Amino acid sequence: MAMNDRPRLAMLGGGPGSFIGGIHHLGARIAGIDLVAGVFSSDPEKSARAAHDYGVASDRCYADTRAMFAAEAAREDGITMVAIATPNNLHLPAALMAIEAGVHIFSDKPATATLAQALNLRDALARGRSAYGLSFTYSAYPMVREARARIAAGQIGTVRKVLVNYAQGVMAGPSAGWRTDPGMSGAGGCIADLGTHAFHLAEFVTGQEVAELLADLGSHEGRALDDDDAVLLRFAGGARGMIHASQIAFGQRNAISFQVYGDRGALHWDFAAADQLRLVRGGEVILLGPTSADLLVRVPGMRGIGDGLIAPFATLYREFVAVCGGGKQCSLPGIAEGVRSMAFVERAVESSAQGGRWLAIH
């Protein structure tokens, strides 16, 4: 592929102090995508500093999103896709501008701040020609996809129990940020930030939808939004499950794991050893890895960084490029998963507000 044929990416957000901006940049670069433009911060000085660090020309570092889309549309080498790495409340307006400009969209999760916005976005995408991908990163790990394939192949029998844990300690003290502000985060705090990852994993790995939930969402330090959550699940296929998501887990950096129990076996995966999958069948314990001979799914990987977030981001970006080119949206999460995850958030908030009541997700 010639250099001028490479996908050209703009990024919204991801400026100084942003963890995820650098992950987007490196993941996209590995996938053969050039970051050429952006609005990296609402602060012009910070935005300019980020543009310099990312190697973006100063005349393609814009003051606001609408100006960026207008200027890039007038260029022969204008952007073909945009990464949305902003607070949740800015996801929908940015995506709508991208659809209007005919630019493909790769968005951080959750898709939007509310379910109503997610439905709005789904309708707008159906009317436009923009492809859409969502960064449910953990579903791109090779061993997570291997777990999904083995469950689909019946290797652990009928799924009975699904447990997903996601714990961080970022709010164990009084520190806060935009994720605790309903005006920026939306209806949920931790349930939107970590809970959506856990919910997507539960459905992605099992291949089953959650039919009902019962939630208990807690908050500390006077926060307006939740920071410590427990959610019981009932799957449409009959399995029971539970999600634990907490941002007050003192000392935890990024502890995410799942266990899926069937009537003939079980599967265990942990982010701390992301390149390993433990399969239990009868009295046999099989430890699978990217080089195992009998894998059902092989995902392109990169030696040495399999446990980090860059590798799965690169996988998602590769699949996003394929979808932009007309390929099928197979493993890449899209707007359907975006709507499902926002329905999960709002039902969980509603269930907890009602003292813990079973509510249907639809």
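When you scan region 70-97, how many residues do you find that are over 22 Å from T137 (Cα atoms) and buried (at least 23 other Cβ atoms within 10 Å of the Cβ)?
Result for region 70-97: 1.
Among (1) in contact (Cβ under 8 Å) with a residue 12 or more places away in the chain; (2) in contact with a Lys or Arg (Cβ under 9 Å, 6 or more places away or on another chain); (3) not hydrophobic (A, V, I, L, M, F, W, C), where does K109 come up short?
(2)
For residues that are of a type in the set (V, I, T) and part of a helix (DSSP H, G or I), scanning just region 337-362, find the one that is surrounded by the most Cβ atoms within 10 Å (Cβ to Cβ).
In this case the residue turns out to be V345.
Check whether at least one residue in region 265-281 is in a loop (DSSP other than H, G, I, E, B), in contact (Cβ under 8 Å) with a residue 12 or more places away in the chain and either touching a Lys or Arg at 6+ places or on another chain (Cβ under 8 Å) or under 20 Å from L194 (Cα atoms) (or both), and report yes or no.
The answer is yes, given that some residue of region 265-281 is in a loop (DSSP other than H, G, I, E, B), in contact (Cβ under 8 Å) with a residue 12 or more places away in the chain and either touching a Lys or Arg at 6+ places or on another chain (Cβ under 8 Å) or under 20 Å from L194 (Cα atoms) (or both).
Please verify whether region 27-47 includes one or more residues that are part of a helix (DSSP H, G or I), under 30 Å from E346 (Cα atoms), without any contact (Cβ under 8 Å) to a residue 40 or more places away in the chain and within 20 Å of the chain's Cα centre (by Cα).
Scanning region 27-47, I find no residue that is part of a helix (DSSP H, G or I), under 30 Å from E346 (Cα atoms), without any contact (Cβ under 8 Å) to a residue 40 or more places away in the chain and within 20 Å of the chain's Cα centre (by Cα), so the answer is no.
Per-residue answers, yes or no, for (1) part of a loop (DSSP other than H, G, I, E, B); (2) more than 30 Å from M97 (Cα to Cα):
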| position | (1), (2) |
| --- | --- |
| A118 | no, no |
| A126 | no, no |
| M143 | no, yes |
| E146 | no, yes |
| R150 | no, yes |
| G154 | yes, yes |
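Given the structure, is A101 over 19 Å from Y317 (Cα atoms), free of Cβ contacts under 8 Å to residues at least 60 places away in the same chain and either surrounded by fewer than 22 Cβ atoms within 10 Å (Cβ to Cβ) or among the charged types (D, E, K, R) (or both)?
Considered against the rule, which asks whether it is over 19 Å from Y317 (Cα atoms), free of Cβ contacts under 8 Å to residues at least 60 places away in the same chain and either surrounded by fewer than 22 Cβ atoms within 10 Å (Cβ to Cβ) or among the charged types (D, E, K, R) (or both), A101 comes out as yes.
Output the number of residues of region 144-178 satisfying the condition of being modelled with pLDDT under 95 and buried (at least 23 other Cβ atoms within 10 Å of the Cβ).
1
Kindly evaluate R318 against the criterion of being open to solvent by 40 Å² or more (accessible area, probe 1.4 Å), in contact with a helix residue (DSSP H, G or I) (Cβ under 9 Å, 6 or more places away or on another chain) and either basic (K, R) or in a loop (DSSP other than H, G, I, E, B) (or both).
So R318 fits the description; yes.
Given Q259, Q208, Q252, which one is in a loop (DSSP other than H, G, I, E, B), over 24 Å from T112 (Cα atoms) and either open to solvent by less than 10 Å² (accessible area, probe 1.4 Å) or not hydroxyl-bearing (S, T, Y) (or both)?
After applying the criteria, what remains is Q252.
The values are calculated or read from the model by the stated rules, or taken from the named source; none is laboratory data. What you see is a predicted model, and the numbers here were worked out from it, not measured in a lab. Please note: Cβ atoms are built from the backbone with ideal geometry, for glycine as well, and neighbour counts cover all protein chains shown. Calculation scope for accessible area: heavy atoms of the full protein, side chains included, ligands and nucleic acids excluded. Shrake-Rupley method; radii C 1.70, N 1.55, O 1.52, S 1.80 Å.
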